[in-house]
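Take a look at the structure set out below.
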Amino acid sequence: MFNLPAETFWWIIPWPFIWVGLGVILYFKLKREDDAEERENIG
Amino acid sequence: MSMDGVIFITYILTLLGIGIWFSRKSSESSEQYLLGGRSLGPAVTAMTMQTTAMSGYMFMGAPALAFQYGWYAVWYAIGDAGGSIINLSVLGKRMRRMSELLGALSPIEFLEKRFESASVRIVGSIISIVFLFAYVCAQFIAAGKAMSTLTGFPYELSLIIGISVIIIYTVAGGYLAVAYTSFVQGVIMVLGVVGIGFLAYFHVGGLTGLNVALEKIDPTYLSIWGKDLAFYGQWGVVLGAILIFSIGYMGLPHVVVRHMSMKSTKTVKGAILISAIWNQFFIFVPYILGLISIILLPNIKDPEMAITQLAYTLFPGLFAALLLSAVMSAVMSTADSLLCRRARFYHVMFTNALLIKMPLRKRLSSFLDFVF
């Protein structure tokens with residue numbers, strides 16, 4: 001794909017999607033932790 | 001005056017304006033000057049962290065590396081693109097919380113108080129002065145080169161103007177000026193690099209056209225092992241290329257201090273998401289532009305100037321000015337952060353009329369703060 005050797009394509013092209021995916025997962029994980037912390041503080 | 005000159009001067013005046021705007025607020029206390037009163041939200045934190053981390057290397061070193069080694073250079077971009085996610089998720093909440101509890105205003109002070117050892121401060125300061133001095137000098141040289149290309153001024157004059165602007169807004173406005181100018185610089189960097197990247201991308205027929213042309217010159221440009229397969233099978237070298245930027249940011253004091261200036265620990269999640277998205281738009285493009293230069297500028301003498309030459313050769317006018325302002329942004333946003341702590345001394349000196357009004361103990365303390 002994109003006239004790249006398969007090795008180059010599969011080692012390089014997925015990374016931007018992996019990093020954004022990880023960013024989104026961490027956002028929701030930390031949001032859950034923040035909400036729990038807030039509930040704990042109120043309680 | 002030409003259009004690009006007007007754009008560039010507007011940019012410089014904006015930076016100076018931000019410095020002066022924050023100068024009164026920064027005078028309130030050391031915490032206000034050095035950490036902006038720990039008041040930064042997720043967008044400014046993400047942008048200031050990333051633009052500080054992305055130095056002149058991104059516009060000069062990165063394309064030169066791609067020009068020399070082909071697709072292999074993108075390994076560096078892969079690590080870099082995830083650097084902020086790792087940095088913020090590992091250090092973000094911990095450093096924000098601990099630095100406030102310990103009352104630390106800098107990463108070195110944090111280490112000193114965290115480990116209750118004055119020698120940590122001295123050793124850390126010596127390391128930071130020796131290595132960061134070279135780093136600041138490299139940024140100044142890049143600033144001089146970029147401004148000289150843009151304005152046509154002699155290199156030495158460009159160097160003096162560039163350094164003066166950085167020092168004035170940093171000394172006047174402190175951390176808040178540095179953070180908010182970084183925010184503006186981050187937007188300009190993305191617009192500049194993506195704008196030129198977009199135009200150059202279609203100029204060479206997209207990614208496929210680029211790779212077809214590279215293959216004709218030398219098929220090994222397309223390999224993950226570098227031109228002429230220079231690093232064939234050397235996974236250690238590849239791992240080093242990925243790790244240098246992905247975990248390296250956690251060791252840069254001018255980047256780490258961004259954790260300490262966040263509004264609260266809740267700022268971390270938004271900063272991770274914004275920086276992750278910004279990185280994917282920005283970081284890969286300079287490397288791709290380096291690859292494009294192999295085709296469009298095969299006889300370039302200094303590959304470090306590939307992006308600036310691409311801008312002026314192919315896209316004169318507005319885009320070239322925007323891109324070169326972006327180069328200056330990358331350089332300045334790193335240099336100002338490195339200088340910020342030292343700038344506190346000068347700020348105190350000016351606001352207290354050359355220290356005369358200050359008691360001796362405070363004078364000494366300010367001086368030690370400057371040195372260490």
Query raised in the report: Taking the stretch B:59-74 as the search range and keeping residues that are out of contact with any Lys or Arg (no Cβ under 8 Å at 6 or more places or on another chain) and away from every other protein chain (no Cβ under 14 Å), which one is nearest to B:G192 (Cα to Cα)?
Result: B:F59
Report task. Could you tell me whether B:A311 is within 22 Å of B:T52 (Cα to Cα), out of contact with any Cys (no Cβ under 7 Å at 6 or more places or on another chain), more than 11 Å from chain A (Cβ to nearest Cβ) and in contact (Cβ under 8 Å) with a residue 12 or more places away in the chain? Result -> no
Requested in this report: Look at A:L22 and say whether it is of a type outside the set (V, I, T), without any contact (Cβ under 8 Å) to a residue 60 or more places away in the chain, out of contact with any Pro (no Cβ under 6 Å at 6 or more places or on another chain) and more than 27 Å from B:L210 (Cβ to Cβ).
Outcome: yes
Report summary line: How many residues of the stretch B:256-270 are assigned to a helix (DSSP H, G or I) and within 17 Å of B:L176 (Cβ to Cβ)? The answer is 5
**Report entry** Members of the stretch B:260-278 that are out of contact with any strand residue (DSSP E or B) (no Cβ under 7 Å at 6 or more places or on another chain) and away from every other protein chain (no Cβ under 14 Å)
**Finding:** B:M260
Query raised in the report: What is the residue count in the stretch B:269-318 for residues that are among the aliphatic types (A, V, I, L, M), over 30 Å from B:I86 (Cα atoms) and out of contact with any His (no Cβ under 9 Å at 6 or more places or on another chain)?
Result: 9
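To keep it simple, each residue is scored yes or no on (1) in contact with a Ser or Thr (Cβ under 8 Å, 6 or more places away or on another chain); (2) under 23 Å from B:Y11 (Cβ atoms).
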residue	(1), (2)
B:S117	no, no
B:V123	no, no
B:A134	no, no
B:Q139	yes, yes
B:A146	yes, yes
B:T170	no, yes
B:G174	yes, yes
B:V187	no, yes
Report task. Could you grab me the full set of residues in the stretch B:207-221 that are over 10 Å from B:L291 (Cα atoms), of a type outside the set (A, V, I, L, M) and more than 8 Å from chain A (Cβ to nearest Cβ)? Result -> B:G209, B:K216, B:D218, B:P219, B:T220
Query raised in the report: So, in the stretch B:12-68, of the ones that are closer than 30 Å to B:G226 by Cβ and of a type in the set (S, T, N, Q), which residue ends up surrounded by the most Cβ atoms within 10 Å (Cβ to Cβ)?
Result: B:T51
Report summary line: Flagged in the stretch A:1-20 as in contact with a helix residue (DSSP H, G or I) (Cβ under 9 Å, 6 or more places away or on another chain), more than 8 Å from every other protein chain (Cβ to nearest Cβ) and not aliphatic (A, V, I, L, M), in numbering order, are A:F17
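Every number here is computed from the coordinates shown, using simple stated rules; none is lab data. Since the structure is predicted, the reported quantities are computational estimates derived from the model, not experimental observations. For neighbour counting, all protein chains shown are included, and Cβ atoms are generated from backbone atoms with ideal geometry for every residue, glycine included.
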